[in-house]
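Notes to accompany the following structure.
The values are calculated or read from the model by the stated rules, or taken from the named source; none is laboratory data. Treat the numbers as computed from the prediction; the structure is a model and nothing was measured. Every residue, glycine among them, receives a Cβ derived from its backbone with ideal geometry; neighbour counts consider all protein chains shown. Side chains included, ligands, DNA and RNA excluded: accessible areas come from the protein's heavy atoms. Shrake-Rupley method; radii C 1.70, N 1.55, O 1.52, S 1.80 Å.
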Amino acid sequence: MYYVPGTNLGKDYQPVLMYNKVWLKKAGKDIPKTLDEFVDLIRHYKANDMNGNGNPNDEIPMSVTEAFLPYMFGPAFGLDLVSGFQADENGKVKYAYADPENYKNYLAFLNSLYREGLLEVEYTSLNRDQIVERVSNDLTGIVFDFSWQMSMLYSPSLPYYDGTEETAFVGAPPLSGTHEGFYVGRIELGNMFGVNAKSQNIVLACKFLDYAMSDECQEMYQWGIEGKSYIVDENGNKKFTEQARDNDWLQQLGINPAFVYPAQQSVASTDELVADWHARINAEIRPYVKDPWPFIYSTEEEAEIINTYFVDIETYVKENATAFITGTKSLDEFNEYLAGLESLNLKQVLEVKQAQYDRFLKAYKGN
């Protein structure tokens, strides 16, 4: 009967490519701008003793989880594989995983990396903990993850990180290929927190949510306690204390825990938490971040169609992507893959998404 939202950062601190600056300097190369330059770099990493331990065969050029591959490479082929759905310049909605040319080229590119050993055989099972272990042993030169991890996780895990950008994993602009690269942001509408009409304490629950959304509560949620976790300078700007730079201590104080409160995420407080060089890089990357597919409520009829067909479509897409990338299925069978999508009622799903997008545009332009 009553609910309030949390809000996400939509364009700041989003998933980005991160490069080990020490390895880049040792290789004598700049941060890649294109897919060709990127492939040239990871080939160099694979062939050389980048960590200087005397073993030229233990380097893993890039460490990327399966879930982040679409973020990392899809845009270079003009695809928003993160959202899945995207609209062209005429407002026609398309399913990125059914693009007959660009998606096939994306799969062919990843297959070429896989065959050359530049995309590891176990990429489907790789997780963040394993990547951190590699970073701590100086075994990998490139990662892809939420930008927050740049100076808060990956860089501190390096054996030689001294707090400077030159010894860190640093974020960089997206790669371009047949299309100009971009990163996909997040929908700013976050988790919903509501009061059920059957609640035994409706008034108290509503009062709690009202307080949770207040400036007083949000300031405490983002910054903590003045004098303990933050101070206010002579210009009225908040600064975290030295103790608050310890993220473990800060989390124990109850600042910014995830998914437990209708929090309004703040760029200012995040900038203060991360390293200075990290905040600067985030600002430089922000212009490359595009809005994802918008959040649009479904009618009951639309929800029924999506719920009936789309889970099977997503499962089919994931299974075939792995098969095409690893070569267990030839790209000569790509047309059969497209036909399979149609047999799973993709057309009906697209009709729903088109109706929703038209409704969204009408409301958006109306405002």
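Quick notes
- Among VAL352, VAL82, VAL232, the largest mean-square fluctuation in a Gaussian network model of the chain, built with springs joining Cα atoms closer than 10 Å, belongs to VAL232.
- Only protein heavy atoms count here; under a 1.4 Å probe, PHE68 has an accessible surface of about 30 Å².
- Accessible surface of region 302-356, 1.4 Å probe: 51 percent of it comes from carbon and sulfur atoms.
- For the chain, the solvent-accessible area of protein heavy atoms averages 51 Å² per residue (probe radius 1.4 Å; ligands and nucleic acids excluded).
- Restraint check, LYS94/LYS318; LYS25/LYS46; LYS104/LYS329; LYS29/LYS104, Cα-Cα greater than 23 Å: LYS29/LYS104
- Put a plus charge on the Cβ of each Lys and Arg, a minus charge on the Cβ of each Asp and Glu, and nothing anywhere else: the dipole of region 220-260 about its Cα centre is then about 100 debye.
- Note on LYS26: aspartates and glutamates with a C-alpha under 12 Å away, same-chain residues under 8 apart excluded, are ASP49, GLU166.
- With the charge dipole of the chain set up from +1 on Lys and Arg Cβ and -1 on Asp and Glu Cβ about the Cα centre, the Cα lying farthest toward the positive end among the listed residues LEU81, ALA363, TRP293 is that of ALA363.
- Solvent-accessible surface ranking, highest first, for TYR357, TYR364, TYR211, TYR337 at 1.4 angstrom: TYR364, TYR211, TYR357, TYR337
- Rg [Å, one decimal], Dmax [Å, integer] - the chain, C-alpha atoms: 22.9, 68
- Region 20-45 and region 223-248 have Cα centres lying 38 Å from one another.
- Of LYS33/LYS362; LYS11/LYS362; LYS238/LYS362, those spanning more than 32 Å from alpha-carbon to alpha-carbon: LYS33/LYS362; LYS238/LYS362
- Net charge dipole size for region 126-241 [Lys, Arg +1 and Asp, Glu -1 on Cβ; Debye, nearest 20]: 560
- THR241 long-range amide H proximity, modeled H, under 5 Å: TYR230, ILE231
- Accessible surface of region 131-171 [probe 1.4 Å, protein heavy atoms]: carbon and sulfur percent: 51
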